[in-house]
Amino acid sequence: MTDDQPRHAAASPDTEYSLSIEETAALYERAGLPRTLRTIQRYCAKGHLDSHRVETAYGEKYLITPPSVLKHIAYIEEVRQTTAGRGSSRPAATMHDEETLAPKEPRQTATGRDEPRQTAAESEAVSRYTTRLEGENEFLRGQIAVKDDQIKDLTERARETNHLIAGLQKMLTPLLGRGGSTGDNSEPHS
């Protein structure tokens with residue numbers, strides 16, 4: 001009583017996830033809708049593109065299905081034509097405007113590799129830290145100049161001392177030479 005029938009393949013087998021972010025960007029470019037790599041990553045994160053995030057030796061990357069890219073390109077073009085055909089002339093949509101036309105979904109929390117932007121307060125703290133380091137470097141340069149002057153003065157004093165000692169030796173040499181020969185003239189006692 002077994003009705004074993006082969007199971008149908010999954011709707012999206014892993015082999016369909018074949019496009020990298022760069023290849024997907026090339027498809028958007030060929031369609032006349034250039035997108036940055038970061039924008040495509042956001043499309044994947046928001047679910048606008050059917051994708052899988054996979055671990056690699058260098059971190060995580062998205063693999064995307066070609067049909068989902070073609071479907072999203074068609075959607076963007078359809079929205080562009082719909083908004084352009086309303087009768088009133090509008091300035092051409094910028095890339096940013098086109099990206100916001102995609103359906104909005106709740107924003108996801110940051111993933112492990114996403115890093116927050118530096119805030120103005122952090123920038124100000126870095127600036128103060130940099131200013132302090134520059135001030136300390138200037139102080140240390142001044143201290144080095146003082147030490148160099150001290151070393152120069154000590155070297156001059158050492159040279160002067162050497163000259164004085166040399167002069168003293170010249171003066172004492174005749175005196176020391178005579179004093180050693182006078183003690184040998186005495187006769188021995190018996």
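Each reported figure results from applying straightforward, stated rules to the coordinates on display, with no laboratory input. All figures in this text were calculated on a predicted structure; none of them were measured in a lab. Neighbour counts run over all protein chains shown; Cβ positions are idealised from the backbone, glycine included.
Could you tell me the calculated FRET efficiency between I151 and L37, based on Cβ-Cβ distance and R0 = 45 angstrom, to the nearest 0.05?
E between I151 and L37, to the nearest 0.05, is 0.20.
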**OP:** Would you list which lysines come within 24 Å of K71, measuring only between C-alpha atoms, while excluding same-chain residues fewer than 8 positions from it?
**Re:** K46, K61, K104
**OP:** Measure off 7 Å from each Cα along the Cα-to-Cβ vector at S127 and L172, then give the distance between these two points in nanometres to one decimal.
**Re:** 6.8 nm
